[in-house]
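In what follows, a structure is listed as structure tokens, so that the remarks can point back to it.
The values are calculated or read from the model by the stated rules, or taken from the named source; none is laboratory data. From a predicted model like this one, the values you see are computed outputs, not experimental measurements. Note: ideal-geometry Cβ built from the backbone for every residue, glycine included; neighbour counts use all protein chains shown. Protein only, heavy atoms only, side chains kept; ligands, DNA and RNA dropped before computing areas. Shrake-Rupley method; radii C 1.70, N 1.55, O 1.52, S 1.80 Å.
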Amino acid sequence: MPAFKVVDLSHYNPTPDFATAKAGGVIGIVHKATQGATYVDPKYAGRVKAAKSAGLLWGAYHFGTGADVDAQLAKFLAVVQPDASTLVALDFEENGPTNSMSLAQARQFLKKIEARLGRKAVLYGGAYLKEKLAGAKDPYLAQHRLWWAQYNDTANLPPNWPSYWLWQYSDGHHGPDPHTVPGLGTPDCDTFDGTDDELRASWSA
């Protein structure tokens, strides 16, 4: 059964009570930081300190678009300024018919962030990622931990990955229970198939 070990948030989510969330079983938060080459989530900066002060792991994700990859990466890193404990992730999903990130751009973004940070980002994806891979295996993308999004009772992964690292099993309304998270309402919920200590050890590896 899934359990909301990790919750991902954006400005769409109401003011969080991180202390209550931690007491309720949440281990980590991944928050939207940027989108494309210019957009910054207005709630990101104000929530970093509060989450860490509550004892939660912290991560940041970038929503990829069809914009210039260097500009996207520069904006993301400038906003997040990730330290060694900050999880970084690329959100690879459809963004309309003309402004979605391509697989080639995703590879560029991931390669460039690895060169800058000396570690690989997590790759978030679902139906759009599966569609773009079209059943093929991509050796480079396969090296990245998969944060899989699918609101079903089971996670049906692309053949590129034997398993997920995180599974976003619910958007707070669809998918299996539980949906409600103490202190956070009904956010996107992510499960991790391991112990809390294993999650902490792998968080920003």
Does Ala37 count as within 17 Å of Trp203 (Cα to Cα) and among the small types (Gly, Ala, Ser)? no
Cβ pairs under 9 Å, 6+ apart or interchain, first in region 14-32 and touching a residue at least 12 places away in the same chain (Cβ under 8 Å), second assigned to a strand (DSSP E or B) and hydroxyl-bearing (Ser, Thr, Tyr), ordered by first then second residue, are Val30/Tyr61; Val30/Tyr124; His31/Tyr61; Lys32/Tyr61
Has region 129-149 got any residue that is closer than 19 Å to Gly25 by Cβ, at pLDDT 95 or above, in a loop (DSSP other than H, G, I, E, B) and not basic (Lys, Arg)? no
If you take the residues in region 83-113 that are of a type outside the set (Phe, Trp, Tyr), touching a strand residue (DSSP E or B) at 6+ places or on another chain (Cβ under 8 Å) and part of a loop (DSSP other than H, G, I, E, B), which one is surrounded by the most Cβ atoms within 10 Å (Cβ to Cβ)? Met101
What number goes with the only condition from (1) surrounded by fewer than 21 Cβ atoms within 10 Å (Cβ to Cβ); (2) within 20 Å of Pro187 (Cβ to Cβ) that Ala149 does not pass? (1)
Which residue pairs have Cβ atoms under 7 Å apart, sit 6 or more places apart or on different chains, and have a first residue in region 105-120 that is without any contact (Cβ under 8 Å) to a residue 24 or more places away in the chain and a second that is open to solvent by less than 60 Å² (accessible area, probe 1.4 Å)? Glu114/Lys120
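Residue-by-condition table, conditions (1) at pLDDT 95 or above; (2) surrounded by fewer than 21 Cβ atoms within 10 Å (Cβ to Cβ); (3) more than 20 Å from Leu123 (Cα to Cα):
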{"site": "Val7", "(1), (2), (3)": "yes, no, no"}
{"site": "His11", "(1), (2), (3)": "yes, yes, yes"}
{"site": "Thr15", "(1), (2), (3)": "yes, yes, yes"}
{"site": "Ala21", "(1), (2), (3)": "yes, no, yes"}
{"site": "Ile29", "(1), (2), (3)": "yes, no, no"}
{"site": "Lys52", "(1), (2), (3)": "yes, yes, yes"}
{"site": "Gly59", "(1), (2), (3)": "yes, no, no"}
{"site": "Ala74", "(1), (2), (3)": "yes, yes, no"}
{"site": "Val80", "(1), (2), (3)": "yes, no, no"}
With respect to Gly185, determine if the residue is open to solvent by less than 70 Å² (accessible area, probe 1.4 Å) and closer than 26 Å to Met1 by Cβ. yes
I need the helices (runs of 4 or more DSSP H) fully contained in region 1-82, keeping only those with at least 2 residues that are farther than 16 Å from Phe109 by Cα. 18-23, 44-53
